[in-house]
Ligand SMILES: *Cc1c(COP(=O)(O)O)cnc(C)c1O
């Protein structure tokens, strides 16, 4: 009976929803309920969820403080528009500012929108300060900044751009972790450099310290703004509240989304006080931006992240997970090319058959993400328990044994 229901829903999905998402694995779950690191499908099958809503579910599913903050705010007021003040918005902005190197906040609803805001602000500020022809932004190859026309152009991967030309002008690309390639792109039109401190969608590549420090110097020497896209690697994901803290380098603009609302859609663009002066009333806006329910949920996430010792614990559990993945690499030296990542954003690059491993894991009750054909990405909730990591590793090892040793 359940089987039949599922089929109908899957058929209806194909009939009514535009085909943009790749759900090509067999028996892709129909998710009905989640709690912490666990997700259940309509047949009652239990999964360990190491996709984590793609780095969104910072505290897993149904985290009580997020649920009650959102519910309580919803009962008070759901939406007012930005013509009026609301307390959750101000409270969240204050918390983000007090806990970061930035001074001011603009709220929106997604990562792409946060980056759009950053791109607009970088252009506006630079034109005001340095002249009309300051508009070009250098981004990195293998980066990911979103799917709007400007952000997919900022994204240094052709596969996201193909077919959407003409792309907006004003973007060029350096090679990630190659400072010289960025230096050589600077010209009279350059206004900013934008990178992810840990590249997520591109395949889990952490920046090297010298690279980010070099970019800071490059920006200072040439009056450029340094923009960090922390949409995926921010909000505790790497074991620090913001990934830039690992590097001793502070950006002029930073973007957040994904985990910010703990599952509620919200994005934010933060910047230094002086840079904020680039925007005047009317220059930028978002109808839903700073919605009180989303902000109340995000404030609960911030409180969770700021609990004494929590982020250190994320770092040490992340290090444990990484160490165990390295052991798996030793066990499968021909199959595994490299283990990468920081905190709870980890990747295992295989030489091939990533989708097969992902499929076997899913069958055995572990959800993981696969980038392209080869890179397995792990994004568990930040509060994932050590025993859950162990269970996931057991399943992963079984799946790899089947795929690579042909069992
Ligand atoms: C996911 C992501 C985005 C885009 O976020 P959306 O909410 O999907 O628009 C931008 N930058 C990075 C680094 C991301 O990982």
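The values are calculated or read from the model by the stated rules, or taken from the named source; none is laboratory data. From a predicted model like this one, the values you see are computed outputs, not experimental measurements. With ideal geometry, Cβ positions are generated from the backbone for all residues, glycine too; neighbour counts draw on all protein chains shown.
Looking only at strands (runs of 3 or more DSSP E) that fall completely inside the range 1-114, which ones have 2 or more residues that are surrounded by fewer than 20 Cβ atoms within 10 Å (Cβ to Cβ) and touching a residue at least 24 places away in the same chain (Cβ under 8 Å)?
Where strands (runs of 3 or more DSSP E) fall fully within the range 1-114 and carry at least 2 residues being surrounded by fewer than 20 Cβ atoms within 10 Å (Cβ to Cβ) and touching a residue at least 24 places away in the same chain (Cβ under 8 Å), they are 31-35.
Scan 174, 202 and give me the residue that is assigned by TED's automatic domain parsing to the domain that holds residue 230 and farther than 20 Å from residue 220 by Cβ.
Step by step, each of 174, 202 is checked, and only 202 is assigned by TED's automatic domain parsing to the domain that holds residue 230 and farther than 20 Å from residue 220 by Cβ.
Yes/no matrix, rows are residues, columns are (1) modelled with pLDDT under 95; (2) under 30 Å from residue 183 (Cβ atoms); (3) touching a strand residue (DSSP E or B) at 6+ places or on another chain (Cβ under 9 Å):
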residue	(1), (2), (3)
91	no, no, no
105	no, no, yes
109	no, no, yes
114	no, yes, yes
119	no, yes, yes
127	no, yes, yes
137	no, yes, yes
152	no, yes, no
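For the range 115-136: of the residues being surrounded by fewer than 17 Cβ atoms within 10 Å (Cβ to Cβ) and part of a helix (DSSP H, G or I), which is nearest to the ligand (Cβ to nearest atom)?
So the residue we want is 127.
If you check residue 339 against the conditions, is it touching a helix residue (DSSP H, G or I) at 6+ places or on another chain (Cβ under 6 Å) and either buried (at least 17 other Cβ atoms within 10 Å of the Cβ) or not assigned by TED's automatic domain parsing to the domain that holds residue 263 (or both)?
In short, yes.
Are there helices (runs of 4 or more DSSP H) fully within the range 260-346 with at least 1 residues that are in contact with a strand residue (DSSP E or B) (Cβ under 7 Å, 6 or more places away or on another chain) and more than 30 Å from residue 128 (Cα to Cα)? List them.
292-305, 310-331
Do any residues in the range 149-168 that are farther than 24 Å from residue 228 by Cβ have Cβ atoms under 9 Å from those of residues that are surrounded by 13 or more Cβ atoms within 10 Å (Cβ to Cβ), where the two are at least six apart or on different chains, and which pairs are they?
164/149; 164/152; 164/153
For the range 137-240, please list each of the helices (runs of 4 or more DSSP H) lying entirely inside it that holds at least 3 residues being closer than 21 Å to residue 121 by Cβ and more than 15 Å from the ligand (Cβ to nearest atom).
By residue number, 209-222.
Taking the condition of being under 14 Å from the mean Cα position of the chain (by Cα) and in a loop (DSSP other than H, G, I, E, B), how many residues in the range 241-253 meet it?
Looking only at that region, the number is 2.
All but one of (1) over 21 Å from residue 268 (Cβ atoms); (2) buried (at least 24 other Cβ atoms within 10 Å of the Cβ) hold for residue 213; state the number of the condition that does not hold.
Single failed check for residue 213: (2).
Residues that are within 17 Å of residue 234 (Cα to Cα) and either in the same structural domain as residue 243 (by TED's automatic domain parsing) or more than 15 Å from the ligand (Cβ to nearest atom) (or both): does the range 72-93 have at least one?
There is at least one residue in the range 72-93 that is within 17 Å of residue 234 (Cα to Cα) and either in the same structural domain as residue 243 (by TED's automatic domain parsing) or more than 15 Å from the ligand (Cβ to nearest atom) (or both).
Confirm whether residue 376 is within 23 Å of residue 207 (Cα to Cα), assigned to a strand (DSSP E or B) and assigned by TED's automatic domain parsing to the domain that holds residue 315.
yes
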